[in-house]
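Q: The structure's right below; bear with me while I get my questions together.
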Amino acid sequence: MLRGRRIVIGVTGGIACYKTCELVRLCVKAGAEVKVVMTEHATEFVAPLTFETLSGHDVVVGMYGRNRAMSTEHIALARWADIVVIAPATANILAKAAHGIADDFLSTMIIATYSPVMFVPAMNTAMLKAPATQRNIPLLLESGYHITPTGKGELADGEVGEGRMIEPREIMHHLVRALPRAGLLAGKRVLVTAGPTEEPVDPVRVFTNRSSGKMGVALAEMAAGMGAHVTFVHGPLAVPPPIGADCMAVGTAQQMMDAVLARFQEANVLVMAAAVADYRPKVVADQKIKKTTDTLAIEMERTPDILASVARKKKQGQIVVGFAVETDVEKAEKRARERLQKKSLDMIALNVIGENGVGFGTDTNRVTLFCRDGLKTELPLMEKREVARAMWERIAALQAAGS
Ligand SMILES: Cc1cc2nc3c(=O)[nH]c(=O)nc-3n(C[C@H](O)[C@H](O)[C@H](O)COP(=O)(O)O)c2cc1C
């Protein structure tokens, strides 16, 4: 999701430096090119070699190294970066940046960049609540810098309180949102649904299905990485929610429909990757059903058809994409094509369950795309995030053709 993006990570002297190693790894794994700058004090906590190994680039510490390719590297790096992320950000760097102090490589680069700068504060509660820090944070925000929240919990000194650095995945989430929107979906609003729904039987039991939400999460993360504003409506997920998306949790098919319809008007694209229940109990017992009989029959009724309701509200230029999960290879293609027509979809992604590595819970998927322009694209078995990329590329092409 960060393919081609250039990130400078500035590391300052706090104990949370160890978590920044994981942040660098996640960014590199997501496809970004990462360069690390450390303050002298930060090198007391983690050796530059660790960051050099994780990022694949030399780490810059001092201002006046003689062996540099360029003597004005602080300017070169400031221009190179799509975003500068300071994690952890000490009380000291917040104070320096708030007042334009440039007395080492990192603080000089911060003042020298036109790119967004995001601070991820980490400090003991007293340092965070200190009047100086509390004055500096609004000053930084006024100057256009981004500042992430801090977490609550156990701090390095054993105290429990506010000031912990947020976790690397959460930092990634803020980073993606602070990055200048660029890519195939720049400026587009996309709505993605994912996961199963849960239809209550009684206060303790539900009907649900095996959807993990992985395909939907991959679609949402990839869209955010390609520059879209992403809203993610999801049932209970077996995986962490997507980085870079606004998330909204729902339970039943009815709740998912309400959430989708409320947001569909402003969306350019809707991708329905959720496995929505087709049936729900006609009556939900208000007390737990007791095991008094040998057999139990529960009468079911159809759930609302989200795609049919969406089709009625669809405006010119909006793209709606559905998924079809089939178990019968023979009939799968015919059914998928019928569904494409019947539900007025622009594209349908067909999954035939049965083959290893395909469908629910797996990290890979084999999908065939059928589009309203008649094009059929058979994608090979590949990582769900690569399936997501291929789907968004096809969706962008459909949008361009329709506009
Ligand atoms: C063990 C230890 C942990 C520290 N943790 C933090 C911290 O989490 N946040 C912070 O603002 N300062 C922390 N400090 C203090 C900073 O290292 C100190 O203010 C230093 O001047 C920061 O320099 P820098 O911002 O240039 O890296 C810690 C110091 C020590 C010795």
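The values are calculated or read from the model by the stated rules, or taken from the named source; none is laboratory data. Note that the structure is a prediction, hence the values are computed from the model and not measured. Every residue, glycine among them, receives a Cβ derived from its backbone with ideal geometry; neighbour counts consider all protein chains shown.
Q: With ARG372, ARG339, ARG312, ARG335 as the choices, which residue is more than 28 Å from the chain's Cα centre (by Cα), farther than 23 Å from LEU191 by Cα and not small (Gly, Ala, Ser)?
A: Numbers: ARG372 fails: farther than 23 Å from LEU191 by Cα; ARG339 fails: farther than 23 Å from LEU191 by Cα; ARG312 fails: farther than 23 Å from LEU191 by Cα.
From the options ARG372, ARG339, ARG312, ARG335, the qualifying one is ARG335.
Q: Can you pull out every residue in segment 33-68 that is modelled with pLDDT under 95 and in a strand (DSSP E or B)?
A: The one that is modelled with pLDDT under 95 and in a strand (DSSP E or B): VAL60.
Q: Report whether or not ILE171 is within 16 Å of the ligand (Cβ to nearest atom), within 16 Å of the chain's Cα centre (by Cα), under 30 Å from ALA91 (Cβ atoms) and in a loop (DSSP other than H, G, I, E, B).
A: Details: within 16 Å of the ligand (Cβ to nearest atom): yes; within 16 Å of the chain's Cα centre (by Cα): yes; under 30 Å from ALA91 (Cβ atoms): yes; in a loop (DSSP other than H, G, I, E, B): no.
Here the answer is no, as ILE171 does not meet what is asked.
Q: For segment 260-282, does any single residue satisfy the condition of being surrounded by fewer than 21 Cβ atoms within 10 Å (Cβ to Cβ) and free of Cβ contacts under 8 Å to residues at least 24 places away in the same chain?
A: yes
Q: Any residue at all in segment 102-109 that's away from the ligand (no atom under 13 Å from the Cβ), closer than 24 Å to PRO180 by Cα, surrounded by fewer than 22 Cβ atoms within 10 Å (Cβ to Cβ) and in contact (Cβ under 8 Å) with a residue 12 or more places away in the chain?
A: No: segment 102-109 contains no residue that is away from the ligand (no atom under 13 Å from the Cβ), closer than 24 Å to PRO180 by Cα, surrounded by fewer than 22 Cβ atoms within 10 Å (Cβ to Cβ) and in contact (Cβ under 8 Å) with a residue 12 or more places away in the chain.
Q: May I ask you to verify whether THR72 is among the β-branched types (Val, Ile, Thr) and away from the ligand (no atom under 16 Å from the Cβ)?
A: On the way: among the β-branched types (Val, Ile, Thr): yes; away from the ligand (no atom under 16 Å from the Cβ): yes.
For THR72, the condition - among the β-branched types (Val, Ile, Thr) and away from the ligand (no atom under 16 Å from the Cβ) - is met.
Q: Now a separate question. If only one of VAL37, VAL24, VAL28, VAL61 is within 29 Å of the chain's Cα centre (by Cα) and within 16 Å of the ligand (Cβ to nearest atom), which one is it?
A: On the way: VAL24 fails: within 16 Å of the ligand (Cβ to nearest atom); VAL28 fails: within 16 Å of the ligand (Cβ to nearest atom); VAL61 fails: within 29 Å of the chain's Cα centre (by Cα).
None of the other options fit; the residue is VAL37.
Q: Please go through segment 114-144 and give me each residue that is of a type in the set (S, T, N, Q) and either more than 15 Å from the ligand (Cβ to nearest atom) or without any contact (Cβ under 8 Å) to a residue 12 or more places away in the chain (or both), ordered by number. Steps first, answer last, please.
A: Taking segment 114-144 and keeping what is of a type in the set (S, T, N, Q), we get 115, 124-125, 133-134, 136, 143.
Answer for segment 114-144, where residues must be of a type in the set (S, T, N, Q) and either more than 15 Å from the ligand (Cβ to nearest atom) or without any contact (Cβ under 8 Å) to a residue 12 or more places away in the chain (or both): SER115, GLN134, SER143.
Q: Could you please give the count of residues in segment 358-400 that are part of a loop (DSSP other than H, G, I, E, B) and either over 22 Å from ARG339 (Cα atoms) or outside the structural domain of SER211 (by TED's automatic domain parsing) (or both)?
A: Of the residues in that region, 5 qualify.
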